[in-house]
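Student: Below you'll find the structure I mean.
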């Protein structure tokens, strides 16, 4: 699958996910988008370098017009699970193209995993499960806004917000870098991404992106925000027994947490209590201030808002903050609201659509990237690449190999035979190594090919 030179991609559905994937691929691939809404289709033809066709993505005639028979990949990403599955099945009926379906309902995912040819889908991404996994990664790392595992979990990339009270505010990168297996990959300041040098001063309000061993990243988290040191997020309250809320609780239970979950609907609360033996399920309206005070929700280390509306999640998060909760994480369905909500006081906004778009984008990359994480939506990327004999790094010390790469590249970590190797200037990169690199988005295509 990896290393394809993908030429033609057909995307069915041009909502937030579909258009985000289209925008990510249009510069390097031939992209055709199928969209029911004629105005939306026309808008895409103007705003992106894609061919947008108005029509029904489950109809053979529309798919033939979009040229699926000559495509390399079809991505079904409408907001309706059944439409996406039917579209993939229809594609398979007329061609042998690789199909990706986006679904919200995890039942479809479990069925597909039992028989990977189910539904005519080659790869399935489940919005609710991916979102829950992204939230749970943040729970394990205080002060982190985003955490992505690489190299089978042996390497972590994490993004931290530095506030005024942080001990590393006003320190240089050299002073802050006291960790053996950690690389400072980037600083995000006022929306722009900078690659730091030793003398770069870290300012309050910056976001620092680091890559390293999980242990070093965990230790660094404790330095960024000592009062939230790792392991203190013992008390987690989940608001909303939605599919996402349920999976967050289930995944936290697997990691040894005993979360509390607030759900207003009594039937749903009973169902959750049966399915989540390690979770205390409480039936109540989470905006009821008396209830929150009586249940000491303000003493929680973290409140996760997973209700079915962005506005309710914002309200619950702000109430939790007012009651004294250290950190709030909210599910925000409208991607455009994420920055706004974080500006008014939510610590971390997680957009299910962004999480899914990132996962699908990972899958469609040419070059041998095993894994991709996007920084600041799409201004920079962290890639994991297995080094082969053609790579410009193979057999060279890092300082010599990097000289052959464009500016805007930082080697963050190396794993060799499943062991973590600290990347230093004189470290020689060998064939078969997995290298995790931070790359400016403008040069990521070029870097993928060189590595």
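Student: Where both residues lie in the chain, what percent of DSSP beta bridges are antiparallel, nearest 5?
Tutor: On the way: 45 of 84 bridges.
Taking every DSSP beta bridge with both residues in the chain, the antiparallel ones total about 55 percent.
Student: Could you work out [θ]222 nm for the chain from helices alone, using -39500 (n - 2.57) per DSSP H run of at least four and dividing by all its residues? Round to the nearest 500 deg cm²/dmol.
Tutor: Values: 16 runs with 150 residues, N = 451.
Helix-only estimate at 222 nm: -9500 deg cm²/dmol.
Student: Also, quick follow-up: Using only alpha carbon pairs under 8 Å that are at least six residues apart, calculate the relative contact order of segment 8-121 and give it in whole percent. Mind showing how you got there, number by number?
Tutor: Details: 216 pairs, mean separation 28.0, N = 114.
Here the relative contact order equals 25 percent.
Student: Taking Cα pairs under 8 Å and at least six residues apart, what relative contact order does segment 132-228 come out at, in percent?
Tutor: About 34 percent, as a whole number.
Student: Then there's this: Please list 296-303, 269-276 highest first by mean number of surrounding beta-carbon atoms within 10 Å per residue.
Tutor: 296-303, 269-276
Student: Kindly put 77, 89 in sequence by how many other C-beta atoms sit within 10 Å of each C-beta, fewest to most.
Tutor: Fewest-to-most Cβ neighbours within 10 Å comes out as 89, 77.
Student: Assuming a ≥ b ≥ c are the square roots of the Cα gyration tensor eigenvalues, decide whether segment 305-397 counts as rounded (a/c under 1.5), prolate (otherwise, with a/b larger than b/c) or oblate. List each step's numbers first, then the result.
Tutor: Details: a/c = 3.95, a/b = 2.63, b/c = 1.50.
Prolate is the answer for segment 305-397, as a/c is 1.5 or above and a/b outweighs b/c.
Student: List the relative contact order of the chain as a percent without decimals, with contacts defined as Cα pairs under 8 Å and 6+ residues apart.
Tutor: Details: 997 pairs, mean separation 55.1, N = 451.
Normalised by residue count, the contact order of the chain is 12 percent.
Student: In what sequence do 11, 375, 262 fall when counting other Cβ within 10 Å, fewest first?
Tutor: On the way: 11 30, 375 23, 262 27.
If I rank by nearby Cβ atoms, fewest first, I get 375, 262, 11.
Student: Would segment 113-238 count as rounded, prolate or oblate if I go by the C-alpha gyration tensor, calling it rounded below 1.5 in a/c and otherwise prolate when a/b exceeds b/c, oblate otherwise?
Tutor: Values: a/c = 2.29, a/b = 1.84, b/c = 1.24.
Prolate is the answer for segment 113-238, as a/c is 1.5 or above and a/b outweighs b/c.
Student: Once you have a ≥ b ≥ c as the square roots of the Cα gyration tensor eigenvalues for segment 16-151, tell me rounded if a/c is under 1.5, and otherwise prolate or oblate according to whether a/b is larger than b/c. Write down the numbers at each step before the final one.
Tutor: Numbers: a/c = 2.14, a/b = 1.38, b/c = 1.55.
Oblate, since a/c reaches 1.5 and b/c is not below a/b.
Student: Moving on to the next point. Roughly how many nanometres apart are two label points built 7 Å out from the Cα toward the Cβ at residue 94 and residue 289?
Tutor: 5.9 nm
Student: Can you give me the Cα centroid spacing of segment 115-188 and segment 52-67 in angstrom?
Tutor: Distance between centres, Cα-based: 38 Å.
Student: Would you order 94, 304 from fewest to most other beta-carbon atoms within 10 Å of each residue's own beta-carbon?
Tutor: Going from least to most buried by this count: 94, 304.
Student: Further, regarding this structure: Testing the spin-label approximation: label points 7 Å from Cα along Cα→Cβ at residue 105 and residue 378. State their distance in nm.
Tutor: 3.1 nm
Values quoted throughout were computed directly from the atomic coordinates according to the rules given, and no laboratory measurement underlies them. Treat the numbers as computed from the prediction; the structure is a model and nothing was measured. For neighbour counting, all protein chains shown are included, and Cβ atoms are generated from backbone atoms with ideal geometry for every residue, glycine included.
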